[in-house]
1. I want to check the label-to-label distance for Cys159 and Ser114. Put each point 7 Å from Cα in the C-beta direction and report it in nm to one decimal.
2. How big is the charge dipole of segment 79-160 about its Cα centre, in debye rounded to the nearest 20, if each Lys and Arg gets +1 on its Cβ and each Asp and Glu gets -1 on its Cβ?
3. Filter the trypsin sites (Lys or Arg not before Pro) in segment 52-160 down to the DSSP loop ones having no more than 10 other Cβ atoms within 10 Å, then list what survives.
4. Filter the chymotrypsin sites (Phe, Trp or Tyr not before Pro) in segment 41-124 down to the DSSP loop ones having no more than 13 other Cβ atoms within 10 Å, then list what survives.
5. Using label points projected 7 Å from each Cα along Cα→Cβ, tell me how many nm separate Ser65 and Asp50, to one decimal.
6. Quickly work out the Asp147-to-Glu79 label distance, labels modelled 7 Å from Cα along the C-beta direction, and quote it in nm with one decimal.
Amino acid sequence: MVFFLRRIAFESLLALIVLASAAGCGRRSETNSPADLPFAYVQRDCGPADGEALTFYFTQKQSQSGEYEEPFVEISINENLPRSAPLDYSVESGKYAILASRCRIPGRCDTATSGTLHLDTFRPGKGATGVYELHFGDGSIEKGAFDATWAVPKQPLLCG
């Protein structure tokens, strides 16, 4: 009888472990599809050292003024700004050449730990096309293809 109870307890524990692992795996593989963030914009910006930068925004809502509401994904190129394409950029933790974040609710953004931005085309003042993939500390991934519209913010850009 004791052997029988131990066997049932062992099998139940094993089943719980398998279910918990499967549930955790589902959360870690979150991915935004282009349908989740259908609008893409690119605009001139100021980088972290107050130099010229180029920022991409991927949003759920359309913007007319260069201001974006959450949720959105943001990727800023702060060094080696594109003049033409194709070009590849890498997001690397601890480096400021390319910065990326995901803002799901107002005032709360997560910084990407790694990722890539590939520009297929880049036309200053007109737009850009390409793909991005960003990895976050919780194991989730944001990725998508884009056709970004050139945006001009309401406020004049004064870097430096």
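Quick note: the coordinates plus some simple rules give every number you see, no bench work behind them. Keep in mind the model is a prediction, meaning the values are calculated, not measured. All Cβ positions, glycine included, derive from the backbone under ideal geometry; neighbour counts span all protein chains shown.
1. If labels sit at Cys159 and Ser114, their model points lie 2.8 nm apart.
2. Approximately 360 debye in magnitude.
3. Sites meeting the loop and neighbour criteria: Arg83, Lys154.
4. Tyr96
5. 2.6 nm
6. 3.4 nm
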